[in-house]
Amino acid sequence: MNVAHKEEKKVSLFPASDALWERAEAIIPAGTQTLSKGPNQFVMGVTPKYLKKGKGSHVWDVDGNEYIDYPLALGPILLGYDYAAVSEAVINQVREGTTFTLMHPLEVEVAELLSTVIPSAEMVRFGKNGADVTSAAVKVARAATGRDHIAYCGYHGCQDWYAVVTPRSKGIPAILKDYMHAFEYNKIESLERLFAENPGKIGCVIMEVPGTDPIIDIKTGKNFLQLAKEVANKNGALFVLDEIVTGFRYSLGGAQKYYSVVPDLACFGKGMANGFAISALVGKKEFMKELNEVFFSMTYSGDTIGLAAARATITELIEKPVIKHIWDMGEVLHNGINSFAESIDLNFRIYGKPPRGGISARNASGEEDLLLKSVFLQETVKRGILYGGPVFVSYSHTEKDIKKTIDASCEALKVLKKAIDSGDPASFLEGEPVGVVFRQRN
């Protein structure tokens, strides 16, 4: 029985989910291990709180409801849930051993594999989360340049050096904020101004690539990423590209290959192992050698499960048209939904690039409106489509999945249009609206 049927029969939608959440609130601070997966990031009361299993592009909640999934665990699921080649590689490795007293051959083999597909990967080190390697990149840049200040653009994880500039800075020495300097994406003058205001202080420029293409400078013909690297290097700083999200989605070699820029250091994670925990810091040998002295060592850095999954995943990317598929399916999805929204004069769109997008719902003033977005999320999840913050497509999303998603989304947009025209969209919301997040997705 799906959510819509349960609602029609006035049956409690998620009794098992709700019971788990009640237990979680009593024993887990914030109730969740990952803030972006928490109930307040979805429409509470209409969306399940816990998922139990996944297969391909579909997931099932603990109450047995089935959905086509688009957040894809916030990006790690690139090939699909329980993708045979990866699952089998991991199961086989579990039987051989997960971690050992000495190093394992996979550490060398996967590092060599990455060096063949990522332009900047002359040397490689592994971590488990994105924040592990973005933090390592900053430490390497500081060691290589002898400078402590950081120019940043985008989101880079929960470690102190970056988290101090977020609303969740409690427990972090406020003085660390003095070393952080934000610049704006696609505005090279904002980065140039930081170097002018902080001469000889900035050791690295670290940025991620949002869903918007870097603009091309008319005079030089170079894109924003290329110019940012040029400005950084000219001023004695390293250019670090955070590819935790874009890596292995934009192209096999990441956004750096797609946009023709070779960073000094780059950070990968999420999609590189199809849901298994691993991340990688890669970069030019002259800078990566700083890790001979920079302290970056963890018990599970060489965990064989993540490495086996990464090898299997990247091999699939090399041998099969994974990248083309997610771009093609993403384009069909975006175009199908956006063209319908335009046809009914609704200020709504799936924005970003086909393999990595987001949801934008704007009010009459042209401002992003979480209430309107919440109505859309509510109406789609009731129809078996699980959206969230990001909109990703996996290799397992089929044409049938995409068609069903477009159809359900268009029906949801009709309800959203009706809600807006009523002058009281809040009255259409059956649960609690999506909460505010501090991470901006461009």
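Read the figures in this text as sums done on the coordinates, not as results from a lab. The structure presented is a predicted model; accordingly, all values stated were derived computationally and were not measured. As a convention, Cβ positions derive from the backbone with ideal geometry for all residues, glycine included, and neighbour counts pool all protein chains shown.
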- With +1 on the Cβ of every Lys and Arg and -1 on the Cβ of every Asp and Glu, the dipole magnitude of the chain about its Cα centre, in debye rounded to the nearest 20, is 160
- Quote to one decimal, in nm, the extra length available between residue 16 and residue 319 on full extension: 0.36 nm per residue of separation minus the C-alpha distance between them. 105.0 nm
- By how many degrees, 0 to 90 and rounded to 10, does the Cα axis of helix 370-381 deviate from the longest principal axis of the chain? 70
- Item | 3J(HN,Hα) from dihedral phi, the stretch 129-145, Karplus parametrisation 6.51/-1.76/1.60, rounded to Hz, x for glycine, proline | 10, x, 5, 4, 8, 5, 5, 5, 4, 5, 5, 5, 5, 5, 5, 6, 9
- Message: Helix-only mean residue ellipticity at 222 nm, the chain, DSSP H runs n ≥ 4 weighted -39,500 (n - 2.57), per residue, nearest 500. What is it?
- Response: -12000 deg cm²/dmol
- Query: Once the Cα atoms of helix 322-343 and of the chain are each reduced to a long axis, what angle between those two axes, in degrees from 0 to 90 to the nearest 10, is obtained?
  - Reply: 50
- Applied in sequence order to the stretch 25-30, the curve 6.51 cos²θ - 1.76 cosθ + 1.60 (Karplus, θ = phi - 60°) yields integer Hz couplings, x standing for Gly and Pro, of 4, 7, 10, 10, x, 6
- Under Karplus coefficients 6.51, -1.76 and 1.60, residue-wise ³J(HN,Hα) of the stretch 72-84 in Hz, glycine/proline x: 6, 6, 6, x, x, 7, 9, 8, x, 5, 6, 6, 3
- Note on the structure: Sorted on mean Cβ neighbours within 10 Å (highest first), peptides 54-64, 232-242, 37-47, 175-185 come out as 232-242, 37-47, 54-64, 175-185
- Message: If amide hydrogens are placed 1.01 Å from N in the peptide plane, which non-local residues have theirs closer than 5 Å to the one on residue 238?
- Response: 204, 205
- Message: Taking the beta-carbon count within 10 Å as an exposure proxy, list 25, 122 from fewest neighbours to most.
- Response: 25, 122
- Using only Cα atoms, locate the centre of the stretch 369-418 and the centre of the stretch 132-172, then give the distance between them in Å, rounded to an integer. 35
- For the stretch 135-282, what class follows from the C-alpha gyration tensor (a ≥ b ≥ c being the square roots of its eigenvalues): rounded when a/c is under 1.5, otherwise prolate if a/b is larger than b/c, else oblate? oblate
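Please state, as a whole number in µm²/s, the translational diffusion coefficient that the Stokes-Einstein equation yields for the chain at 25 °C and 0.890 mPa s, with Rh defined as the Kirkwood radius across alpha carbon pairs. Kindly include the intermediate steps, with their values, before the conclusion.
Details: Rh = 23.0 Å.
D = 107 µm²/s.
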- Task: Can you list which of the GluC sites (Glu not before Pro) found in the stretch 234-296 are DSSP loop residues with at most 11 other C-beta atoms within 10 Å?
- Result: 293
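Output the relative contact order of the chain, whole-number percent, from Cα pairs under 8 angstrom with separation of 6+ residues.
Contact order relative to length: 22 percent.
Can you sort 205, 124, 415 by how many other beta carbons sit within 10 Å, fewest first? Numbers along the way, then the final one.
Details: 205 28, 124 20, 415 17.
The order, fewest Cβ neighbours first, is 415, 124, 205.
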- the stretch 61-82 to the stretch 271-342: how many Å between their Cα centroids? 17
- Task: Starting from the amide H of residue 280, placed 1.01 Å from N in the peptide plane, find each other amide H under 5 Å away whose residue is 5 or more places distant or on another chain.
- Result: 127, 268, 269
- Whose amide H sits under 5 Å from the amide H of residue 78, counting only residues 5 or more places off or on another chain, with H placed in the peptide plane? 274, 275
- Message: Can you sort 287, 428, 126 from fewest to most other Cβ atoms within 10 Å of each residue's own Cβ?
- Response: 428, 287, 126
